[in-house]
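Notes follow the structure.
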């Protein structure tokens, strides 16, 4: 009964989404206030019914209703409750339902927190979001209904993929999707502006906070995904340039460009048509990412079994959305183009450079991701592009970007006084060069060009990001000296600096060693002693495991006991490596258990990862910066 | 600056950026582009000799040999027509086992041993890399009833 | 040309690439087995290793061959339906237990029931590969001459059965 309610609620949601799409757009076109006022209620109703549907699916999981095909395939009686909940979005049908729920949620939020936006803009934004909802609801109902029945019901389910039975992966997809879906709001604002022909500084002020919130969730989602891959896949790497990762990274890069371009549009009324194009591209890349992941056309380590008919649907949807938006752009954007110029030494120039470099970076990642597809089509054989290419290609635009970032933050709009630059940036510049060379030498006793470039860039960004908050803090009137918006920018850039520092150090000084180890034996890795004390059997709720107890010492000093496991899940029977990690702020000790080698010894992978936490801390600081900046007062005006 | 100049500057910079990056990385692109070569082609001698490539197939039953207490490992991979010996040193991925599909990166040493530097695991046991599936599918047809052992049709180069 | 048209042109060029990419999907390839005699094999049966199940058993009747394993989640899902189908006696269901362990497979049969006339035990996975199996479960429809008529991948259920198999069986019986 409950699954039928869920299915029915989804159909009702489709009907309401249709009202939400058609009536407000028509109302805005005809200037009919009554039609526009429908938007709000249709939106809330739409959200309510999608939420009911989502709750129904969750109940089906919690009550082990194996008469629902999706539940039978992705859950099991003994699955712990928290994973029964996260199993809801563990595969295609459920994650699509979650996507729909989030889209409805974002739309309801726009309707509710409309700030001082005019009715017509709200109506158009909601209408465009309604059109997108129709597409996704049709996708779910026609090709991927999560409520399909399984008659007769299975006795027990096929279990959730053990890799997904992990807290990191329970929250990673929702965060990622909040980000992905959130860019649809920026997209809707762009379409609304083109429909009406009104694009001014206020439009940018209304669009900006929504875009930043989407961006900050995507930032956290990607960071969590990277963290999960690090400890759960048992490889110890944190980024693999895998197509699935690239799929989430490209909208992030484009979204970052969009945030910066929106700043120029808001403050100076410039870059208008460019901002529109970025808003369309960012959301299009989100859709492209979904297409690549779900259609299986690109070979990926992350790939799960996929379905080409779904690929066709997403592709058709993608084509309609992107071609429609770009045709509208070709038609309407010329009229919106800005006419004012700006000085070469101005913040506008730096933000332009930021945009150019980020777009170059996105293009390169896209090229690398699609290259295997293009080569195969040209009958060049089946190829794959290795991570080293991405690393080199990506760094080319990123290194100048990071150095320019420090200047950009301290450059005035319109025209910069060059003397002020010298005064403000002298100390950070000296600090960056000195620390950039000394830090690797002092702590790790080795230095190379890339290392100096990386460390200098990181310290430069951290130092320049701190200048403005520091100066306003030292002044007597305290925090009043800096706006939330500027503070948020400083924090986000600080996060970027921390990230660069972590990435540089862990790439240069990380140690990875595959060894054989038997009980009582001590191995030396990174000047630390690892002793295998014992192997024991451990019983989990739905798995059994062999656990190695490894004691780590630094000479006489005890550091930690690390317990890597090899788990066998009871239903699916496959073995899973559960790495043992001893994390501290400046390094991780990582041990993964391999196989039995026959004479009582085991293969183990021991890794020493200095400053690896800075990667994820940096990303979360970036997200925090976004949160601070959207709390700025000017985004909270209410309608007069 | 005039808007027109700005625009030209931005577009110019972007084009230069992509061109420089693409130019600088073209060599790296060549080096990092790894071809997938079917086992039968490897046995026939048709593989890039000076560079890394990928192979894939099924791990032959009872072919895994390891020296006790060592991380060195040897096994055979088959596309159901030909078999290729592979050597690897290191920790194996979780889903590596006899009879399972496998993808390996590496290069040929001599004419009959593939030195793998990377063995790939998949998230999902029921899933086989499409290129491996395609290669197996192609060769299964060549065979009729030869179960196990090398098929006589396997031609060496 | 209007520079605002450029993005549109770029996308219009990219879309055919994606469509072609979709069409090269490998999971559509194995249609090569359709219309050909079932691959030759001979396997010990799961229940009694001294007996064999081979291609000859498939001749003289319309039958199903189901590829399954205990490690496969989808097989567990479809098992209830296969039991129901076996009870109706519409069609004999044969099976290939693919890349499995005997004690676990026997345990699975004891717990959930055995819908199969015979289940070949394919320990090293050779026969499954000969049939072109990418994963489990897969179900093949074989006609009375031992020709493969249809291949279905993924877990079966009643609705899919009615839709994909019933009309084909009816056609064969004519």
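Within the set of pairs 6+ apart or on separate chains, which have a first residue in segment C:1-27 that is within 13 Å of chain B (Cβ to nearest Cβ), a second that is in a helix (DSSP H, G or I) and modelled with pLDDT of 75 or more, and C-beta atoms under 6 Å apart?
So the pair list comes out as C:4/A:330; C:4/A:333; C:4/A:334; C:7/A:326; C:21/A:373.
Looking only at segment C:41-55, which residues are in contact with a helix residue (DSSP H, G or I) (Cβ under 7 Å, 6 or more places away or on another chain) and assigned to a strand (DSSP E or B)? Lay out the reasoning, then the answer.
Keep residues of segment C:41-55 that are in contact with a helix residue (DSSP H, G or I) (Cβ under 7 Å, 6 or more places away or on another chain), which gives C:41, C:43, C:46.
Once the filter is applied, which keeps residues that are in contact with a helix residue (DSSP H, G or I) (Cβ under 7 Å, 6 or more places away or on another chain) and assigned to a strand (DSSP E or B), segment C:41-55 yields only C:43.
Is at least one residue of segment C:150-168 modelled with pLDDT of 85 or more, part of a helix (DSSP H, G or I) and in contact with a strand residue (DSSP E or B) (Cβ under 8 Å, 6 or more places away or on another chain)? Please lay out each step first, then the result.
Within segment C:150-168, the subset modelled with pLDDT of 85 or more is C:150, C:161, C:165-168.
Checking the rest, the ones that are also part of a helix (DSSP H, G or I) come to C:161, C:165-168.
Now narrow it down to the ones that are in contact with a strand residue (DSSP E or B) (Cβ under 8 Å, 6 or more places away or on another chain): C:165, C:168.
Yes, there is a match, as at least one residue in segment C:150-168 is modelled with pLDDT of 85 or more, part of a helix (DSSP H, G or I) and in contact with a strand residue (DSSP E or B) (Cβ under 8 Å, 6 or more places away or on another chain).
What number of residues within segment A:325-352 satisfy the criterion of being part of a helix (DSSP H, G or I) and more than 7 Å from chain B (Cβ to nearest Cβ)? Give the derivation first.
Step one: filter segment A:325-352 for residues part of a helix (DSSP H, G or I), giving A:325-336, A:347-352.
Imposing the further condition that a residue be more than 7 Å from chain B (Cβ to nearest Cβ) reduces the set to A:325-336, A:347-351.
Residues that pass the stated criteria total 17.
Looking only at residues in segment A:30-73 that are within 14 Å of chain C (Cβ to nearest Cβ) and not in a helix (DSSP H, G or I), which one is surrounded by the fewest Cβ atoms within 10 Å (Cβ to Cβ)? Write out each step before concluding.
First pass over segment A:30-73, keeping only residues within 14 Å of chain C (Cβ to nearest Cβ): A:64-73.
If we keep only those that are not in a helix (DSSP H, G or I) too, we end up with A:64-68.
Details: A:64: 19, A:65: 22, A:66: 24, A:67: 16, A:68: 28.
The qualifying residue surrounded by the fewest Cβ atoms within 10 Å (Cβ to Cβ) is A:67.
I'd like the full set of residues that are at the interface with another protein chain (Cβ under 7 Å from one of its Cβ atoms), part of a helix (DSSP H, G or I) and farther than 16 Å from residue B:20 by Cα, limited to segment A:377-393. Don't jump to the end; show me each part of the working.
At the first step, the residues of segment A:377-393 found to be at the interface with another protein chain (Cβ under 7 Å from one of its Cβ atoms) are A:377, A:381-386, A:388-389, A:392-393.
Next cut, part of a helix (DSSP H, G or I) only: A:377, A:388-389, A:392-393.
Result: A:377, A:388.
Filter segment A:297-324 down to the residues that are modelled with pLDDT of 60 or more, part of a helix (DSSP H, G or I) and at the interface with chain C (Cβ under 9 Å from one of its Cβ atoms), then identify the one that is surrounded by the fewest Cβ atoms within 10 Å (Cβ to Cβ).
A:323
Within segment A:242-250, is there a residue that is on the phi > 0 side of the Ramachandran plot and part of a loop (DSSP other than H, G, I, E, B)? Talk me through it step by step, then tell me what you get.
Residues of segment A:242-250 that are on the phi > 0 side of the Ramachandran plot, as a first pass: none.
Taking every residue of segment A:242-250 in turn, none turns out to be on the phi > 0 side of the Ramachandran plot and part of a loop (DSSP other than H, G, I, E, B).
Look at segment B:49-60 and say how many of its residues are surrounded by fewer than 18 Cβ atoms within 10 Å (Cβ to Cβ) and touching a residue at least 40 places away in the same chain (Cβ under 8 Å). Lay out the reasoning, then the answer.
The initial filter retains those residues of segment B:49-60 that are surrounded by fewer than 18 Cβ atoms within 10 Å (Cβ to Cβ), namely B:49-51.
Of the ones still in play, those that are also touching a residue at least 40 places away in the same chain (Cβ under 8 Å) are B:49, B:51.
The number of residues fulfilling the criteria is 2.
Counting just the residues of segment B:71-91 that are within 10 Å of another protein chain (Cβ to nearest Cβ) and at pLDDT below 85, which one comes out surrounded by the fewest Cβ atoms within 10 Å (Cβ to Cβ)?
In this case the residue turns out to be B:80.
Taking the criterion of being within 27 Å of residue A:209 (Cα to Cα), buried (at least 18 other Cβ atoms within 10 Å of the Cβ) and touching a residue at least 12 places away in the same chain (Cβ under 8 Å), would at least one residue in segment A:383-393 satisfy it?
First, the residues of segment A:383-393 that are within 27 Å of residue A:209 (Cα to Cα): none.
No: zero hits.
Which residue, of A:628, A:604, is within 30 Å of residue B:68 (Cα to Cα) and modelled with pLDDT of 90 or more?
Details: A:628 fails: within 30 Å of residue B:68 (Cα to Cα).
Result: A:604 is the single residue among A:628, A:604 that is within 30 Å of residue B:68 (Cα to Cα) and modelled with pLDDT of 90 or more.
In segment C:98-127, what residues are over 13 Å from residue C:42 (Cα atoms), within 14 Å of chain B (Cβ to nearest Cβ) and in contact with a helix residue (DSSP H, G or I) (Cβ under 6 Å, 6 or more places away or on another chain)?
Matches in segment C:98-127: C:98 only.
Residues that are within 25 Å of residue A:164 (Cα to Cα), surrounded by fewer than 22 Cβ atoms within 10 Å (Cβ to Cβ) and away from chain B (no Cβ under 14 Å): does segment A:599-616 have at least one?
Yes.
How about segment C:112-128: which of its residues are surrounded by 18 or more Cβ atoms within 10 Å (Cβ to Cβ), in contact with a strand residue (DSSP E or B) (Cβ under 8 Å, 6 or more places away or on another chain) and either modelled with pLDDT of 80 or more or more than 14 Å from residue C:65 (Cα to Cα) (or both)?
Correct list: C:115, C:116, C:118, C:119, C:120, C:121, C:122, C:125, C:127.
Here is a yes/no grid of residues against (1) in contact with a helix residue (DSSP H, G or I) (Cβ under 6 Å, 6 or more places away or on another chain); (2) away from chain B (no Cβ under 11 Å); (3) buried (at least 17 other Cβ atoms within 10 Å of the Cβ):
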{"site": "A:553", "(1), (2), (3)": "no, yes, no"}
{"site": "A:563", "(1), (2), (3)": "no, yes, yes"}
{"site": "A:567", "(1), (2), (3)": "no, no, yes"}
{"site": "A:574", "(1), (2), (3)": "no, no, yes"}
{"site": "A:582", "(1), (2), (3)": "no, yes, no"}
{"site": "A:594", "(1), (2), (3)": "no, no, yes"}
{"site": "A:597", "(1), (2), (3)": "no, no, yes"}
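Checking residue B:41 against (1) within 10 Å of another protein chain (Cβ to nearest Cβ); (2) part of a helix (DSSP H, G or I), which single condition isn't satisfied?
Every condition holds for residue B:41 apart from (1).
With the condition kept exactly as written, say whether any residue in segment A:104-127 is outside any helix (DSSP H, G or I), surrounded by fewer than 21 Cβ atoms within 10 Å (Cβ to Cβ), touching a residue at least 12 places away in the same chain (Cβ under 8 Å) and in contact with a strand residue (DSSP E or B) (Cβ under 8 Å, 6 or more places away or on another chain).
No, that holds for no residue.
Under 8 Å by Cβ, and 6 or more places apart or on different chains, what pairs join a residue from segment A:309-323 that is without any contact (Cβ under 8 Å) to a residue 40 or more places away in the chain with one that is outside any helix (DSSP H, G or I)?
That search, which allows pairs on different chains as well, returns A:311/A:296; A:311/A:297; A:311/C:25.
Of all the residues that make up segment A:145-171, how many are touching a helix residue (DSSP H, G or I) at 6+ places or on another chain (Cβ under 7 Å) and more than 14 Å from every other protein chain (Cβ to nearest Cβ)?
4
Does residue C:82 count as within 14 Å of chain A (Cβ to nearest Cβ), part of a helix (DSSP H, G or I), surrounded by 23 or more Cβ atoms within 10 Å (Cβ to Cβ) and touching a residue at least 24 places away in the same chain (Cβ under 8 Å)? Show your work before the answer.
On the way: within 14 Å of chain A (Cβ to nearest Cβ): yes; part of a helix (DSSP H, G or I): yes; surrounded by 23 or more Cβ atoms within 10 Å (Cβ to Cβ): yes; touching a residue at least 24 places away in the same chain (Cβ under 8 Å): yes.
In short, yes.
The values are calculated or read from the model by the stated rules, or taken from the named source; none is laboratory data. The structure displayed is predicted, hence computed values, not measured ones. Cβ sites come from the backbone with ideal geometry, for glycine too, and all protein chains shown count toward neighbours.
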